Amino acid sequence: MTVIGITGPTGAGKTTALEVLAEMGFEIVDCDALYYQLLRTDESLRRALEEAFGPVFLPDGSLDRRAVAKRVFGDPSELAKLNSIVFPAVSGAVEQKIRECSQKGLAIDAINLVESGMGKLCRATVAVTAAPAIRLKRIMNRDGLTGEQARARIAAQKSEDWYREHCTFLLENQEENWDACQKLMRSFFQNLLELLQKESMKMEAKEWKKTLLTEKKNGYDRMPAQEREAMDRYCEGYKAFLDAGKTERECVREGIRLAEEKGFRPYHRGMELKTGDRVYLDNRGKMLLLAVIGQKSLAEGAQITAAHIDSPRLDLKPTPLYEAEELAYLKTHYYGGIRKYQWVTIPLELHGVVALKDGTTVQVAIGEGNEPKLVINDLLPHLGAEQSKKTLAEGITGEQLNILVGSEPMEGEEKDRVKLAVMKLLYEKYHFTEADFISAELEAVPAVNATDIGLDRSMIGAYGHDDRVCGYAALKAMLDLDEVPGKTAVCVLADKEEIGSVGVSGMMTAAFDTFMEDLCETQGVPVRACLEKSFCLSADVTAAFDPNFGDVYEKNNSAYVNYGVGLCKYTGSRGKGGSNDASAEFLGWVRRTLDEAGVLWQIGELGKVDQGGGGTVAYDVARLNADVIDIGVPVLSMHAPFEVISKIDLFSAYQAFKAYFEAK
């Protein structure tokens with residue numbers, strides 16, 4: 001149904017225009033007549049007028065027009081008061097007429113169509129105008145007025161320019177013959193309806209597109225300007241976390257420091273817990289579990305996030321130090337899925353611990369700040385003809401990932417003089433011997449701090465985004481909870497994910513299960529009853545679409561830089577092998593939670609179906625009968641010594657985890 005508003009000055013031909021519309025099947029709503037009808041039937045309108053202007057109704061119930069005119073004539077404030085009462089009442093009645101109309105269209109006849117706001121109810125507003133001389137003649141003939149009286153009436157009304165500015169269409173009626181006037185108006189309205197129909201079809205298609213189709217937008221086109229400062233502050237905190245946590249052990253220490261600043265205390269089995277308590281458990285210095293006890297019983301489940309804080313790296317072998325041609329090296333065993341050629345000719349640091357036989361543990365950090373760096377050398381291109389024929393995977397072998405650590409020999413020795421000199425330096429600083437390498441966990445990591453990337457500083461480059469970017473986001477979201485959550489919030493920062501989550505500090509250990517069981521026992525709740533009603537966000541990174549290698553991605557189902565945190569319904573490889581496939585119902589709940597919180601998010605897969613794939617800790621949690629889905633930050637150059645992420649995606653991950661913890 002089409003709604004058209006008709007207005008214009010007196011004598012221009014509005015009545016004829018309305019008659020033509022009535023012939024064309026339109027219902028006509030005369031707002032003057034409607035107003036006087038309301039004065040008789042609308043008690044709220046009558047009461048409002050009397051409260052504003054006193055007794056303005058005659059004994060027969062009709063409006064005392066003279067009394068009202070006397071109050072408002074020449075007094076703009078009183079006229080505005082009258083309009084503020086009358087316009088809403090008439091507009092409301094017109095809206096009701098529109099809802100009830102069953103005809104082809106409806107025409108609103110209102111002298112104050114624009115001022116009353118009723119023009120907003122119309123698809124088109126038409127001002128019927130005519131030249132002043134023609135209007136003068138019509139008014140004199142129609143109303144029996146003198147020329148002076150007719151001119152005074154015209155002068156008191158709005159100009160044609162005003163109508164031209166405030167109405168969508170102008171119907172200029174210069175015809176003096178009635179038949180010609182009708183013909184003009186019939187043609188005008190037929191053309192108008194055709195135009196509106198075409199526009200309607202276009203608008204309808206746009207509305208259908210908006211309603212039915214997904215439109216992806218860059219985060220910078222969607223993020224409120226006021227969030228930029230908060231995003232920048234968050235990113236600076238994240239970079240500091242990365243610089244302090246080059247290994248899983250360092251991440252746990254930094255996580256504990258941040259948690260204690262926010263009132264978390266160590267958990268000990270058997271301690272009493274009450275609503276709002278904040279506790280953490282340090283599992284062997286390599287896995288951190290935290291909880292905020294919620295308002296609801298654990299029998300109603302918990303809101304869990306599970307991330308990992310280990311990253312691909314080079315571990316020293318148990319007997320690493322050797323000398324070859326008077327150069328000292330450390331032999332390594334790569335950890336996780338690395339591309340070996342990426343680790344040569346880049347500066348390296350050495351971090352970790354050495355456990356001595358006397359039970360003490362030595363913290364080791366070599367290459368930080370201005371300290372000397374370590375490196376793995378590569379073959380020069382002049383002699384690399386045969387090497388260049390090999391595939392990338394074969395060009396550098398695992399046994400060639402030997403770290404150059406020294407070349408100056410010790411005086412007075414004939415054999416392994418450089419090796420001895422290096423060992424002496426290590427002993428002088430850290431007080432361990434070659435035999436102590438056996439009980440050491442020393443990790444070679446890139447000697448680079450987190451830094452902004454791009455001339456616009458819109459990205460962050462660093463080692464260890466996978467998966468510390470999600471671990472930090474989940475941790476920070478929990479630390480920043482201003483109120484006690486509805487359900488108990490649990491955050492797990494696990495080790496060993498890059499090698500299958502095995503080991504005593506990995507997600508497959510009983511540490512998480514036991515922690516949950518201990519929490520449940522404080523409330524007398526069976527842990528299985530808690531877990532079956534729990535939700536878990538498996539907080540792990542996803543692959544960002546890289547146009548340099550676009551052939552391995554499926555564009556419609558990829559995550560993109562700057563489009564928000566990435567959901568991944570399933571991971572695995574090829575036929576979803578080794579994946580957790582989240583339920584549609586849980587994914588629907590997550591979508592709703594993120595949308596209600598205004599979080600920027602997207603969904604994607606890890607490359608084309610037959611191209612490869614990967615796994616996360618999701619299936620480790622799913623085995624406990626909890627609903628799980630993967631969610632994380634899209635990463636460029638994943639698993640490389642230097643990875644890149646977007647600041648918007650990073651901040652969106654934090655917002656997503658916070659919204660999740662706070663969800664009712």
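Details
- Mean projected area in nm² (Cα convex hull; one quarter of hull surface) for region 13-98: 6.9 nm²
- Considering only V422, L298, F73, the residue lying farthest towards the positive end of the dipole of the chain is F73, judged by Cα position with unit charges set on Cβ.
- Antiparallel DSSP beta bridges within the chain, percent to nearest 5: 55 percent
- Solvent-accessible area assigned to carbon and sulfur over the chain amounts to 51 percent, based on a 1.4 Å probe.
- Counting Lys and Arg as +1 and Asp and Glu as -1 over every other residue whose Cβ lies under 11 Å from the Cβ of C31, the net charge comes to -2.
- Dipole in debye (nearest 20) - the chain, about Cα centre, beta carbon charges: Lys, Arg +1; Asp, Glu -1: 2320 debye
- Cβ-Cβ FRET estimate between K81 and Q149, R0 fixed at 25 Å, reported to 0.05: 0.25
- Region 73-90-region 96-147 distance, computed between alpha-carbon centres (Å): 20 Å
- Our helix-only sum for the chain, with -39,500 (n - 2.57) per DSSP H run of n ≥ 4 divided by its residues, gives a mean residue ellipticity at 222 nm of -11500 deg cm²/dmol.
- Contour excess over end-to-end distance, with Cα ends at R417 and H268 and 0.36 nm allotted per residue: 48.6 nm
- A Cα-only calculation for region 109-268 places Rg and Dmax at 33.4, 101 Å.
- From the Kirkwood radius over Cα pairs of region 363-440, Stokes-Einstein at 10 °C and 1.306 mPa s returns a whole-number translational diffusion coefficient of 103 µm²/s.
- Restricting attention to region 171-295, close to 75% of DSSP beta bridges with both partner residues there are antiparallel.
- Ordering 261-270, 530-539, 296-305, 37-46 by mean Cβ neighbour count within 10 Å, with the highest value first, yields 530-539, 296-305, 37-46, 261-270.
- Counting only protein heavy atoms and a 1.4 Å probe, region 199-333 has 53 square angstrom of accessible area per residue.
- A protection proxy built from the mean count of other Cβ atoms within 10 Å ranks the segments 616-626, 109-119, 201-211, 56-66, most packed first, as 616-626, 109-119, 56-66, 201-211.
- Using every pair of separate Cα atoms, the Kirkwood estimate puts the hydrodynamic radius of region 419-459 at 13.5 angstrom.
- Computed across the chain, the Kirkwood radius stands at 31.3 Å (inverse of mean 1/r, all Cα pairs).
- Formal net charge of residues neighbouring E349 (Cβ-Cβ distance under 12 Å; K, R +1; D, E -1): -2
- The amide H of L171, built 1.01 Å from its N in the peptide plane, has A127, V128, T129 as neighbours under 5 Å, considering only residues 5 or more places off or on other chains.
- Relative contact order computed over the chain (Cα-Cα under 8 Å; 6+ residues apart), in percent: 14 percent
- Radius 11 Å from Cβ of M638, net charge of other residues (Lys, Arg +1; Asp, Glu -1): -4
The values are calculated or read from the model by the stated rules, or taken from the named source; none is laboratory data. Here the structure is a predicted model, which means the values were calculated and not measured. As a convention, Cβ positions derive from the backbone with ideal geometry for all residues, glycine included, and neighbour counts pool all protein chains shown. The protein model used for the area step is the full one, side chains on, heavy atoms only, and it has no ligands, DNA or RNA in it. Shrake-Rupley method; radii C 1.70, N 1.55, O 1.52, S 1.80 Å.
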